[in-house]
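As structure tokens, the structure follows; a few thoughts come after it.
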Amino acid sequence: MRKNEYSDYRSVIADSWNRCIAWGLDHDHEPAPLKPEPARLEEINRQHSELLSVTEAEVLPYYRNVLSNSRCLILLADQHATVLSSWGDERITETRLKPWFQTGANWQEQNCGTNAIGTSIAVGGPVQIQRNEHFLKTNRSIIGSAAPIFDAHRQIAGVLSVFSDAYLPQAHTLGMVRLLSQSVENRLINRQFGPDHFQITLNTTADNFDSPWSGILVCDDSGQVIASNQRADQLLGMNTVEARLDELFTRHRNHILGHPETETLQLTTRSKVRLSARIKRPTRIPDANGKTKPSPVPEDLRQSARPLDIDNLDYGDSAVKRCATQSLKVLERGLPVLITGETGVGKEVLVKALHRASHRKDQPLVAVNCAAIPPELVESELFGYEAGAFTGARAQGSLGFIRKAHKGVLFLDEIGEMPLSAQSRLLRVLQERVVTPVGSTDSVPVDILLVTATNRPLTTRIENGHFRADLYYRINGLCVELPALRNRADRRMLIQSLYARHRDPGQSEQLSPKVLSALEAHPWPGNIRQLVNVLRVAIAIADGEQVQVWHLPEDFLAEFEANPLEQSDPPMQEQPVAGSEAETEDTLARTLQIYRKCTGNISQAARELSISRNTLYKRLREMGVR
């Protein structure tokens, strides 16, 4: 646990104890369980029938081995800490505690002190309460882990908790209960909204869409988000409910909602975070009488899914060509490759091309984003685990990503974000070519080609104590740096090629010199990823017509204005404008007339008006044109 995380954790316990003291509880207090009357209990179950149904019928079957291989007890409680149902081994509890694990028992902090269920509701987040962290002595024979389940309106709908003996391993229990609660939350959203709305699944890589840790956005056909899960808010860095897709992503909502369901969609958030997305359209729509009928599938937008080969990664840039050819030669010899470079330069594209060009092209390429896996689950996800290795382990165990890549290529993206504990285990795998699953003493041989990537200087991470130096030298067989787009000698050809891959049918095969020059001169802090998004937005706004400068996104045009292209044009002296309101209106009217006459050509319009381009932009903004 990191230092700041430990501090937050201790603060949660301390704040809970202070609340208990404020309520007048003392450590020796032994509350009596109050069970509701049968009629009231039946009413509670009826109110939460959907929550009970989803948890028991749709989620728990995937985790039945949790109950058969671990001495633990799972409780589902409502938003008021009343137990709705329980599954598992009740032998873990002492006789005096058994009534507290029965349907109808209430675990509110006011009565039971610091405890997993009550404290999770109080803080609105996942908690794990160790034996002596319980405020009441009577509860100190158990350890509880709990996580809230939120509904589509961000209100707590219930709490899932796992209780176990205080002497059993607890390293993965909190991660498991968070996984369970997220699964329930996702399925509740899908049941409530799925058939009638668009559903966008988000994750950092396309390999993890089916993970409960994927973000989910539910939106209507206008692109407004009407429901989402917690993970979507985390990925996008904001509360997404009632937001519009155009506010969340750089791509136009029509391109997002019209994307083929069978193809992965690459999206970039307004805060420049790249995400992979999968679109699912509504399966029914209301007719004129309010009844539902099957929804027609709109015509898919043209997408080029052809992958790039190793020889097609560059259009004359020697640095990119050298990165590709050297990486392939080294990888074919079984040596590791470390790819560095700014975000968006095409590291993942290079890895896929290397895999297709290698002698292992018919074997799996397993891509893992090290920053996307919760820290408490990294080791079990990477190295696998044996049956019963920890609370929540499946009966058949898990291979883990490394063993899934056996005979193929393992790609560890954002390697610098890997926790130190996992780094030491990875180092042993690379040194000895064996992997030891969590909970096992037996080692399994593995044969992998390793490619890693990072957009952060690993040497700085080493100096800060966040990355092992010995692991760095192990993965750094060959270190290549992909150049930023602004430094590529072939960017003009690259821009034309990317436009050709994404243009609409019937659109001009080439960008105009004006647009091409604007794109070529841009600094591109987001590199190729940003370029692709700008092109797609411009193509969408042009709607089949020739792409013009004014079709480019507003944020791009703002940068374009700040760095005008025609530096050779002599600076125009701004003409004084008379101060009367009538004269101002005449000036703006003439400005708009000339702007339209020049079909949006800023330089030409500015010359005809004898004003600078900046002044023209200012006037256009005043009129709401830009």
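Odds and ends about this structure:
- Per-peptide average of other Cβ atoms within 10 Å, ordering 610-620, 213-223 highest first: 213-223, 610-620
- Summing charges over neighbours of A22, with a neighbour being any other residue whose Cβ is under 14 Å away from its Cβ, gives -2 when K and R count +1 and D and E count -1.
- Local net charge near K347, Cβ-Cβ under 12 Å (Lys/Arg +1, Asp/Glu -1): -2
- Nonlocal amide H pairs with F150, under 5 Å, H built at 1.01 Å: A157
- Distance between the pseudo-spin-label points of E261 and E608 (7 Å out from Cα toward the beta carbon): 5.0 nm.
- Chain lengthening between L34 and T460 when straightened (0.36 nm per residue, less Cα-Cα): 147.6 nm
- Using only the C-alpha atoms, the convex hull of segment 197-294 corresponds to 99 Å³ per residue.
- The eigenvalues of the Cα gyration tensor, multiplied by 5 and square-rooted, give segment 435-545 an equivalent ellipsoid with semi-axes of 43, 19, 12 Å from largest to smallest.
- Qualifying GluC sites (Glu not before Pro) for segment 459-544 [loop in DSSP, other Cβ within 10 Å: at most 11]: E509
- In summary, the lysines within cross-link reach of K98, defined as a Cα separation below 18 angstrom excluding same-chain residues under 8 places away, comprise K35, K137.
- Förster radius 60 Å - calculated FRET efficiency between D447 and R590 (Cβ-Cβ, nearest 0.05): 0.25
- Annotation for K98 and R244: the two label points, set 7 Å from Cα along the Cα-Cβ direction, are 6.1 nm apart.
- Virtual paramagnetic centre 7 Å along Cα→Cβ of E545, amide N under 18 Å, in segment 481-512: 503-512
- Taking 0.36 nm per residue of separation and subtracting the Cα-Cα distance, full extension of the segment from E509 to Q130 would add 129.9 nm.
- Listed pairs K514/K597; K597/K618; K321/K404; K361/K407 exceeding 20 Å between Cα atoms: K321/K404
- Distance between modelled label sites at K597 and Q326, nm, 7 Å Cα→Cβ extension: 5.7 nm
- When each of V330, V532, V83 is scored by the number of other beta-carbon atoms lying within 10 Å, the sequence from fewest to most is V330, V532, V83.
- In a fully extended conformation the segment linking S11 and L420 would gain 144.8 nm over its present Cα-Cα distance, using 0.36 nm per residue.
- The ranking of V349, V184 from fewest to most other beta carbons within 10 Å of each one's beta carbon is V349, V184.
- Listed peptides 106-119, 536-549 by packing density, highest first (mean Cβ within 10 Å): 106-119, 536-549
- Relative frequency of Cα-Cα separations exceeding 21 Å in segment 484-565, percent: 19 percent
- If you take all other residues with their beta carbon under 11 Å from the beta carbon of T264, and give Lys and Arg +1 and Asp and Glu -1, the sum is -2.
- Translational D in µm²/s for segment 100-155 (Stokes-Einstein at 25 °C, 0.890 mPa s, Kirkwood Rh from C-alpha pairs): 209 µm²/s
Any read-out appearing in this document is the output of simple, stated calculations on the displayed coordinates, not a laboratory observation. Remember, it's a predicted structure, so these values are computed and weren't measured experimentally. Heads up, the Cβs are rebuilt from the backbone with ideal geometry, glycines too, and the neighbour counts pull from every protein chain shown.
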